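Below is one structure, written out as structure tokens; comments come after it.
The values are calculated or read from the model by the stated rules, or taken from the named source; none is laboratory data. Just so you know, these numbers come straight off a predicted model, no measurement behind them. Cβ: placed from backbone, ideal geometry, glycine included. Neighbour counts: every protein chain shown. To get the accessible areas, we keep the full protein, side chains included, count just its heavy atoms, and leave off ligands, DNA and RNA. Shrake-Rupley method; radii C 1.70, N 1.55, O 1.52, S 1.80 Å.
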There are 2 protein chains.
Amino acid sequence: MEKMDMERIAFEELKNFCKQAYQRAGVPQEEAEIVADLLARSDLRGVETHGVTRLPIYIERLQKGYVRAKCQLTVIKERGPVTFMEAHGSMGHVVGHRAMEIAIQRAEVYGIGWVSVKDSGHFGVAGLFPMMALKRDFIGYVVSNSAPMMAPWGGRDRIIGNNPLSYAFPADQYPPVVVDLSCSVVSSGKLILCRKKGEKIPLGWAFDKNGLPTQDPFEGYEGGGSLAPIGGHKGYALALVHEILTAVLTGGKWTRDIKSLYEEDRTGIQGTCHSFMVLDPDGFLGREEFKKRMDRYIQSIKESRKAQDSKEILMPGEPEYRTELKFLKEGIPLAPNTVKELISLGKSLGISFMGSK
Amino acid sequence: MEKMDMERIAFEELKNFCKQAYQRAGVPQEEAEIVADLLARSDLRGVETHGVTRLPIYIERLQKGYVRAKCQLTVIKERGPVTFMEAHGSMGHVVGHRAMEIAIQRAEVYGIGWVSVKDSGHFGVAGLFPMMALKRDFIGYVVSNSAPMMAPWGGRDRIIGNNPLSYAFPADQYPPVVVDLSCSVVSSGKLILCRKKGEKIPLGWAFDKNGLPTQDPFEGYEGGGSLAPIGGHKGYALALVHEILTAVLTGGKWTRDIKSLYEEDRTGIQGTCHSFMVLDPDGFLGREEFKKRMDRYIQSIKESRKAQDSKEILMPGEPEYRTELKFLKEGIPLAPNTVKELISLGKSLGISFMGSK
């Protein structure tokens, strides 16, 4: 889609609209500020699949009582650098923000902090949480389970998540390195798009409902299939690691019991589990020296010889960083459908979106 | 190769031979015991590429002074659960064992332990180190950088490692879950084997020296190419994470400066860097409850429906576990070439291998 044809909105304006919407849905002001910032920043960084396009479903779930409007995040156990928490079906975004704050505090005291949370919910873009550690020049990490997307290697039941992991590393002159990836080769959204366009998918993206490789995007996901893990058995193993480090460790819901945002769920606990880690470079090289060494490392990668036909070597997080700078200046482009949905949502809540009444 | 035709040797006998060889090469008894156990256990678990087939080169490097015979592992910084160490070119196997012991001790005190080491060397099978945590029902983790194998995504220079990561998780009735994987789709050994057999490789395994996808196994590795990362840019990002968590964090050698075991290296410091983490489930569900929950999780995966034509769903580490039980009973099969090399090595050191003189 050509972004020039889209409507553009300033980051602060988009964030403010989200904040108002959350407050109208019963979210306390401080928490509405947190989740609104995370949602609008997803779009600011070009990750529009996890941004304000989801605001209507988030609000609907709050209104239906499927998510707790006021965050309740309680400590089950605390032991030096390690904290074990329960989120009682609170909004994943707020839970992630608060849990990461605790991991950072622990790292300030112990050099490392680890926080695991059960009974949380969908928290959007994983990468935004480890990035919170960057303000202190710390290294941030998060891992989460998620709704079922993949089958076990050699299996056919869609019972494991593509469970994302994310790291953020500070640098000095270069932008931070931010890794944010799931364990499947492509997202389900990509298959849905191919199905809509009537395109085949390459072998290696998905399996059909019998667990066989497929080139049919419908069979590979909507028809009951499953996404292929990166590196075959390797991505399968990583997805299991991420489930063990979250749901198994905390006694929370396993992937197979987690319903997607778009399914009805009267339990009030979507149940996603997350683990956060923060590491202070002062325990090693020292913060300043580490950042300078990151610069030299980044430079050595970026200035190595390009592949034939390749324009540039990028570090993880670099495209999102550039998008952020660009959209801060030019405004965030929004797809016409998203604008329509947000205007309609605004009307139902009695707030105006982009001047609409 | 048909294993029935191979010579078989008992684990203890193989280990004892390795131990004697290391001692003859100047390694103190206690350290010879550690590295001999790790080498022989690699073969016991069927990971023959990283087992005793490498004993001759390890001994040769000791004799040439390329590796420090007596382990010198010193603390640079210590801060509660976090330890930063320098290995002064000591043998990676011994360094890994000692560093993991420290991480376990730290986890006993703090619930989590993290140890990063610089200036170590090749440490063989990554998975054996996190497995040390299993004796305490802890979770173990290791990550390492390694010799150059891959190019940056969009690049052509072979300057990043396929930097392995490994996790070990205890279970109750089931064998532990042991994940041990590198960030490339296949190993360089697989390309060398295809080249020897005159076989093409599938697109997606490697790039040629210009950074273009290749089906020629020689061009993909020995001819100056590079291995493809799992999931494309995702595996590239993971490989960078592992380098940052080891070499960049510690100020140690980057992958591009690490020579392989088979290259001459008079520096006396191969320079591999590792980081180890240990997590105590008592900070969360509790050790016993965690192991029982691991069992239920493993069962839920293994008993899910198999893909058409699939015989069984395996957990990571299960094949190696079965091999270990089998070879403990039947003896470890050794390839004729390996037997020949070990006999020859034994002769040069004045020790007997499998009854040879």
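Solvent-accessible area of the range A:233-357 (1.4 angstrom probe, protein heavy atoms only): carbon and sulfur portion equals 49 percent. Summary of packing: across the peptides B:308-319, A:216-227, the per-residue average of other C-beta atoms within 10 Å ranks them, highest first, as A:216-227, B:308-319. Legend: mean number of C-beta atoms from other chains within 10 angstrom of residue C-beta atoms, peptide A:148-155, equals 6. Highest GNM mean-square fluctuation among A:G154, A:G251, A:G92, for chain A modelled with Cα contacts below 10 Å: A:G154. Remark: the protein assembly as shown carries 39 Å² of accessible area per residue (probe radius 1.4 Å; ligands, DNA and RNA excluded). Take each residue in A:239-246, count the other chain C-beta atoms within 10 Å of its C-beta, and the mean is 5.
Under the simplified labelling scheme, the B:T49-A:E289 pair shows an inter-label distance of 3.6 nm, with each label point 7 Å from Cα along Cα→Cβ. Gain on full extension, evaluated as 0.36 nm per residue between A:Q308 and A:K70 minus their Cα-Cα distance, stands at 80.3 nm.
Across the identical copies, the label point of A:D216 (7 Å from Cα in the Cβ direction) is separated from its matches by 3.9 nm, in order from shortest. The listed peptides B:11-20, A:64-73, ordered by packing as a protection proxy, come out as B:11-20, A:64-73 (highest mean of other Cβ atoms within 10 Å first). How high is the FRET efficiency from A:R8 to A:E222, r the C-beta distance, R0 35 Å, rounded to 0.05? Efficiency for this residue pair is about 0.60.
Rounded to two decimals, what is Rg over Rh for the range A:119-221 when you use alpha-carbon atoms and the Kirkwood radius? My calculation puts Rg/Rh at 1.09. Once all protein chains are placed together, A:V94 keeps about 0 Å² accessible to a 1.4 angstrom probe.
Just round it to a whole percent: the fraction of Cα-Cα distances in chain B exceeding 31 Å. Of all Cα-Cα pairs in chain B, 37 percent lie more than 31 Å apart. FRET efficiency for the A:K326 to B:I192 pair, using the beta carbon distance and R₀ = 51 Å, is estimated at 0.65.
Measuring between alpha carbons in the structure, the pairs from B:K15/B:K135; B:K200/B:K329; B:K209/B:K302; B:K64/B:K329; A:K19/A:K135; A:K197/A:K302 lying more than 30 angstrom apart are B:K200/B:K329; B:K209/B:K302; B:K64/B:K329; A:K197/A:K302.
GNM on chain A, alpha-carbon springs under 10 angstrom: the most fluctuating residue among A:L134, A:L249, A:L212 is A:L212. For a test of the definition: using alpha carbon positions, the gyration tensor, and the 1.5 limit on a/c, classify the range B:33-163 as rounded, prolate or oblate. The shape class here is rounded. For chain A, the relative contact order comes to 22 percent (Cα pairs under 8 Å, sequence separation of at least 6).
Averaging 1/r over every pair of different alpha carbons in the protein assembly as shown and inverting the result gives a Kirkwood radius of 26.5 Å.
Taken residue by residue and averaged, Cβ atoms of other chains lying within 10 Å of the Cβ of B:163-170 number 2. For the range A:185-228, the alpha carbon convex hull comes to 48 Å³ per residue, rounded to a whole number. Largest to smallest in accessible area, the residues A:E243, B:E7 fall in the order B:E7, A:E243 (1.4 Å probe, all protein chains included). The 3J(HN,Hα) values that the Karplus relation (6.51, -1.76, 1.60; θ = phi - 60°) gives for the range A:9-25 are, in residue order, 9, 6, 3, 5, 5, 5, 4, 5, 4, 4, 4, 4, 4, 4, 5, 5, 8 Hz. Gly and Pro appear as x.
About its Cα centre, the dipole of the range A:109-170 is roughly 40 debye, where the only charges are +1 on Lys and Arg Cβ and -1 on Asp and Glu Cβ. Each chain gives up part of its surface: A and B jointly bury about 7000 Å² of accessible area, both sides summed, for a 1.4 Å probe. Return, ordered by residue number, the residues of the range B:55-93 whose backbone nitrogen is under 13 Å from a label point located 7 Å along Cα→Cβ of B:R266. Hits in the range B:55-93 for B:R266 at 13 Å: B:65-66.
Ranking B:S187, A:S120 by solvent-accessible area of protein heavy atoms (1.4 Å probe, all protein chains present), from largest to smallest, gives B:S187, A:S120. The residues of the range A:275-322 occluded by other protein chains by 50 Å² or more of accessible area, set against the chain on its own, are A:G283, A:F284, A:R293, A:Y297, A:I301, A:R305, A:A307, A:Q308; surface from heavy atoms, 1.4 Å probe.
Using the Cβ-Cβ distance between A:R296 and B:E30 with R0 = 45 Å, the FRET efficiency computed as 1/(1 + (r/R0)^6) comes to roughly 0.70.
Which percent of the accessible heavy-atom area of the range B:1-148 goes to carbon and sulfur, probe 1.4 angstrom? With neighbouring chains kept in place, the figure for the range B:1-148 is 46 percent. Only protein atoms count toward the accessible area here, which uses a 1.4 Å probe; on the range B:185-228, the carbon and sulfur part of that area reaches 55 percent.
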